[in-house]
Structure formats: structure tokens, C-alpha cells
Amino acid sequence: MDRLKVCMSGVSGWAGRALVPAIIESDDMELVGAVSRKYAEKPLSDVTGNLTHKLTISGSVEQALKVKTDVLIDYTSPEAVKDNILAAVKKGVHCVVGSSGLTDGDYREIDEASKISKVGVVAAGNFAISAALLLRFATMAARYMPSWEILDYASDGKPDAPSGTARELAYRLSKAGNPKFEVPPEKIIGPKESRGLTLNGNQIHSIRLPGHVIGAEVIYGKPDERLILKYDGGSGAAPYIEGTFLAVRKVNGMVGLTRGLDNLLDL
């Protein structure tokens, strides 16, 4: 069986530094491309510290995809991810998207482009299996708990808010229905900002503090009862490897956009 030819965009980032060695050591993948604007034209060993990693890093996805590639993994920035994915899709390359910052409109555009090119795109705000379970359980709970709000946790250095995890929660929860409010957020007395951001009918409160890495919480309420579902991520990127690899192995046989890693799990 031929190994999947993988290009990693964002090799010098937090997730990329963990994923690159794992890809190289896997039995069914081959790293054929690496992208980082900061390390463009430098050997991959400058990032990994392993002198056997001699692949030359490209400065752009377009440059890296001149080599035959089956799947692009993108863990870059909100400013770069959309163009990266559209460039890959146009070349007929499947994509696994771990970068945050994409809007619902961006996802619609990516879905349309991927269907035209007959390739698959798997996008998740968070590729940790535990975060995927939160997404699924939160959607299930919304069928029985009619009122909820989302808390979005991250370090004070995270520039985008809400996080991709919180955006994905809001999108999926909106499919279960809109939460019920006795006093709708737009009708409160006082600053509207105190009720957080309204996204897909959900209220999201983004907290950015030192000591946090990434996390999300959905708080549900009914008369005389509460339910809290919470995901907390640590400082290491290892939990993202399993989920990302699951997506890489499945996306090659897909067409169109799939949002949420939980859709790939046997639940």
C-alpha cells in the first residue's frame, strides 16, 4: 500500500512541531512538503533539531505543492489559512484544517471549491479527541437543556477570539436550535457587551488569561438544575496528533467539507 504523501503547513508552530516528527515516524505517511514563512528555504532540521530531516522548507503552500501531494495539513494563522486551503483544493489536494479564524462564510466557500475539485476537506476547531467528544455531547445535551451559553478559554497571547473550538461549538449547537432567554441579550438594560458575542444565536464569552492554554465550556440551565460540559487542553500538542492523523487517513476518500472531528468518530 502506497504511503499518503503529506504536506505540513505551519511546521514551526506549536502543533506543527509535534506533528512533523509523528508524520515522519508513521508507517503510512510520507512528509513531502513543509511550509513556514519564517523558515523558508531552510532545512527542516532547523525546526525539528533532527539532522536527518533534510527536507527544504517552502515559504508558501503554492511552492510546496509543486511536489505531488495527497493531503495538506494546515496549522497556520487566521490570516493565511483560507488562501492556503483554496490554493490546495484548486490543485486537487485534500485538506485537514486545524487553523482557527475561519467564518461560516469561509467554510461555505471552501465547501463549494472542494466539491468542484472533487476533494475532501476536514476542518475542526480542535483535533483533540476529548474536544471532539465535547462537541458531540454538547449537541446531544442541547436537545434536552433548552438554555445554554459558551465560555471560551485561551492564553492572553491568543490573538483570535472566539477560538476555533468555540466557533465550532456555536455552529453545531445552532443546528440543535437556538437557546432560550427570558431576557434576550439585545434587550438587556446596560452595555450589550456584558452579554458576550452573539454567534449563530449563541452567546460566547471569550476569556484570555495567563495560565490558560485552550478550553471551552458549555453551561446549560433549566429551573432547579444545571449541566456543565467542559474541555481543557494542556500545554502540549500531543493530543492533536491522534485526531489529525484520523482525519488525514479518512479525508483522502471524501468530497466536500466536513466540519468537526466528531463526525469521523464511531459514535
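A short reminder: the numbers here are calculations on the coordinates, not readings from a lab. Nothing here was measured: the structure is a model prediction, and the numbers come from that model. Methodologically, a virtual Cβ is constructed for each residue, glycine included, from the backbone with ideal geometry; neighbour enumeration extends over all protein chains shown.
Here is how the numbers come out for the structure above:
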{"item": "Difference of contour (0.36 nm per residue) and Cα-Cα distance, Y144 to A238", "result": "30.5 nm"}
{"item": "Within straight-line cross-link reach of K158, aspartates and glutamates at Cα separation under 13 Å, skipping those fewer than 8 residues along the same chain", "result": "none"}
{"item": "Exposure proxy order (Cβ contacts within 10 Å, fewest to most) of R17, R3", "result": "R3, R17"}
{"item": "Residue exposure sequence - M8, M29 - by fewest surrounding Cβ within 10 Å", "result": "M29, M8"}
{"item": "Gyration tensor verdict on segment 1-64 (Cα atoms; rounded if a/c is under 1.5, prolate if a/b is larger than b/c, oblate otherwise)", "result": "prolate"}
{"item": "Residues E186 and E41, FRET efficiency given R0 of 51 Å [Cβ-Cβ distance, rounded to 0.05]", "result": "0.50"}
{"item": "Spin-label zone in segment 133-162 - amide nitrogen under 20 Å from a point set 7 Å from the Cα of R208 along the C-beta vector", "result": "150-162"}
{"item": "Stokes-Einstein D in µm²/s, Kirkwood radius over Cα pairs - segment 132-267 at 4 °C with 1.567 mPa s viscosity", "result": "80 µm²/s"}
{"item": "Inter-probe distance in nm under a simple model that places probes 7 Å from Cα toward Cβ, at D224 and N200", "result": "3.3 nm"}
{"item": "Too-long pairs where the Cα-Cα distance tops 18 Å, listed order kept, from K5/K91; K91/K115; K68/K90; K91/K118; K5/K250; K82/K230", "result": "K82/K230"}
{"item": "Pairwise label distance in nanometres, K68 with I116, each label 7 Å out on the Cα-Cβ vector", "result": "2.6 nm"}
{"item": "Quotient of C-alpha Rg and 2.2 N^0.38 Å, computed over the chain", "result": "1.05"}
{"item": "Modelled label reach - D104, point 7 Å along Cα→Cβ, segment 152-195 residues with backbone N closer than 18 Å", "result": "161-181, 185-186"}
{"item": "FRET efficiency, S77 to N263 (Cβ-Cβ, R0 30 Å, nearest 0.05)", "result": "0.75"}
{"item": "Segment 1-59 - percent relative contact order, Cα under 8 Å, separation 6 or more", "result": "33 percent"}
{"item": "Helical contribution to [θ] at 222 nm, DSSP H n ≥ 4, -39,500 (n - 2.57), averaged over the chain, rounded to 500", "result": "-9500 deg cm²/dmol"}
{"item": "Taking Y75, Y220 and counting other C-beta atoms within 10 Å, the order from fewest to most", "result": "Y220, Y75"}
{"item": "Dipole in debye (nearest 20) - the chain, about Cα centre, beta carbon charges: Lys, Arg +1; Asp, Glu -1", "result": "340 debye"}
